[in-house]
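In what follows, a single structure is set out as structure tokens and then discussed.
FYI, it's all coordinate maths here, none of it is from the lab. Quick caveat, the model's predicted, so the values are computed rather than measured. Note that each Cβ is placed from the backbone with ideal geometry, even for glycine, and that neighbours are counted across all protein chains shown.
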Amino acid sequence: MRRRHVLLIIIIIVALYFSAWHLGPERKVNLLVVDKTVPETDYREHRAIFWVLKHNRFTNPQGEFMRYDRDYLGYHPEKEHMETLTAADLEAVEILYLADSYGIYDYEEGLEVYEEKLPYEHQEIELIYGGFDRYEVEEAARFANREGAVLIGEHNIFGYPTYLDQEAAKLLQELFAVRYGGWLTRYYANLDEAAFWIKELYSRIYGLEWDLEGAGMIFVREDVTGLGWYTDLVIIESKDFNAPWPVITGAGHELLDGASSAVPYLYWVEILEIDSDIDEAEVLAYFEPPFGEEAGAALRDRGLPELFPAVIYYPAPDGAKRIYFAGDFADQLPALLPPSLTGSATIQRALSYMPGMPVEYRFYFQWYAPVLTNILELEKE
């Protein structure tokens, strides 16, 4: 009889645990995510945003949990539908998240084959849809003038193809109090996996055949005058590293509460300058490459700093609070556990420290999830 009681108690505890998330309070928010880079139905460029929203029980004004496959503006692959940001889209919005604008392209043999061949051969692609034009940016600027609103931006909204419209790219940078000169950087676990166009650029600049392997970081400069090509390149190999990989560092601000102070980030980052003429703008976190003195000198030769802003916060007077992520932060691997589970973020944060887990999970659960949660709370202040 006692065994039955114990089993019943265990069943009740387990049932309460799995039902606890469903019993929590809901919080309404009118949020619009703009993602123009959805080539496939994995929604990778923005699904991490919706995981955080649902886990924290944020709903739309109608009380419905938002879905990553439906509740965004941009390109919808299942319908091949392209959307443009308009005033009507922003009428009642409280938080606007400009997640990605790299766009949709025509790949001769399909995206999967393109990605397989990317490190090994040149491939022609044609832009179908992407970037922000001047009219869309002007609508975002009008939104940014609203007190109490929150405007979030993320790599690569200043880059190609947005910079084909110079006025749009300039105004977007002004909204976030930053300047983008075209330099990008990315960590590679194996430099041989770099795109073929990077290898061709290396041969043109240095007159050498590409024979680089092993870990390293690539710094490449876009021609942001609107010509649409790359003009310079710096490669730092792991022999010049003083740490395994680059990290995001920063602490001490309420928006970073709960985030690890030095967490690996291994994807693309824009090298930005904060607008020193705007007193309210501040850098909350930096991107720190794993470089020793010799590698740092190679950057200084190009006029680049050794630390780059990763998060810029600009609480504009009489306007929206503005946050810019210099990395492709919302582009994450799918979560291991569903959002509708009490403690799911905490459990996955603990799992991210385990050997063999992809390093990307450390960034997602130790840094991005808590920071985005804090930003969502900003709107409720």
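Using helices alone, what [θ] at 222 nm do you get for the chain, with -39,500 (n - 2.57) per DSSP H run of 4 or more residues, divided over all residues and rounded to the nearest 500?
-8000 deg cm²/dmol
How do 68, 230 rank when sorted from fewest to most other Cβ atoms within 10 Å of their own Cβ?
230, 68
Looking at the square roots a ≥ b ≥ c of the eigenvalues of the Cα gyration tensor of the stretch 159-282, which shape do they give, rounded for a/c under 1.5, prolate if a/b is larger than b/c, or oblate?
oblate
To the nearest 20 debye, what is the magnitude of the charge dipole of the stretch 28-378 about its Cα centre, counting +1 on the Cβ of each Lys and Arg and -1 on the Cβ of each Asp and Glu?
1180 debye
What fraction, in whole percent, of alpha-carbon pairs in the stretch 295-354 exceed 14 Å separation?
In whole percent, the long-distance tail amounts to 75.
Express the relative contact order of the stretch 51-150 as a whole percentage, based on alpha carbon pairs under 8 Å and six or more residues apart in sequence.
24 percent
May I ask what percent, to the nearest 5, of DSSP beta bridges between residues of the chain are antiparallel?
DSSP beta bridges in the chain are roughly 70 percent antiparallel.
Can you tell me which aspartates and glutamates have their Cα less than 19 Å from the Cα of residue 199? Leave out same-chain residues fewer than eight positions away.
Leaving aside aspartates and glutamates fewer than 8 places away in the same chain, those within reach of residue 199 are 115, 116, 121, 124, 209, 211, 213, 222, 223, 232, 237.
By count of other Cβ within 10 Å, fewest leading, how are 261, 352 ordered?
Fewest-to-most Cβ neighbours within 10 Å comes out as 261, 352.
Tell me, what is the percent relative contact order of the chain, built from C-alpha pairs under 8 Å that lie six or more residues apart?
Relative contact order here is 18 percent.
Report, in debye and to the nearest 20, how large the dipole of the stretch 293-381 comes out about its Cα centre when Lys and Arg carry +1 and Asp and Glu carry -1 on their Cβ.
Approximately 220 debye in magnitude.
So if I restrict to the alpha-carbon atoms in the stretch 161-229, what is the Rg, and what is Dmax, the biggest pairwise distance, in Å?
Gyration radius and largest Cα-Cα distance of the stretch 161-229: 14.9, 42 Å.
Using only the Cα atoms of the stretch 50-129, build the gyration tensor, take square roots of its eigenvalues as a ≥ b ≥ c, and label the shape rounded, prolate or oblate: rounded if a/c is under 1.5, else prolate if a/b is larger than b/c, else oblate.
prolate
Under 25 °C and 0.890 mPa s, how fast does the chain diffuse according to Stokes-Einstein, given a Kirkwood radius computed over C-alpha pairs? Answer in µm²/s, whole number.
This corresponds to a translational diffusion coefficient of 111 µm²/s.
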